[in-house]
């Protein structure tokens, strides 16, 4: 459902989750949350990572971690999407049918990120906080 707000913004709604947040909910000026996500991801240094949940939290939980992932799934080429991992330090992109398996890991390894035998990253070592 799309609802026009009195301030000229737009609100996109979906299924209600606990805590009152709506998955995929975007409030405010159209594109503003997307731009915030992309700008934050652009700041992540080579060899460091953030999690989807960490980004959602830094944006005041206005969107879900899953919505962060969907924004990155269709991001511009210059955005280092590979530097965003799941809460376990794993590469969620391997589960996407339209994405080459192992690509995210290969790019991160080329940036100096080391993976454990379990296929996860040590978030204590590689997590970046702006």
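The simple spin-label model puts a point 7 Å past each Cα toward its Cβ; for residue 57 and residue 77 those points are separated by 3.5 nm.
Over region 30-126, Cα pairs under 8 Å with separation of 6+ residues give a relative contact order of 28 percent. By the count of neighbouring beta-carbon atoms within 10 Å, fewest first, 46, 127, 74 end up ordered 74, 46, 127. Note on region 30-126: Cα-only Rg and Dmax are 12.7, 42 Å.
FYI, it's all coordinate maths here, none of it is from the lab. Note that this is a predicted model, so its numbers are computed, not measured. Glycine gets a Cβ as well: all are built from the backbone with ideal geometry, and neighbour counts include every protein chain shown.
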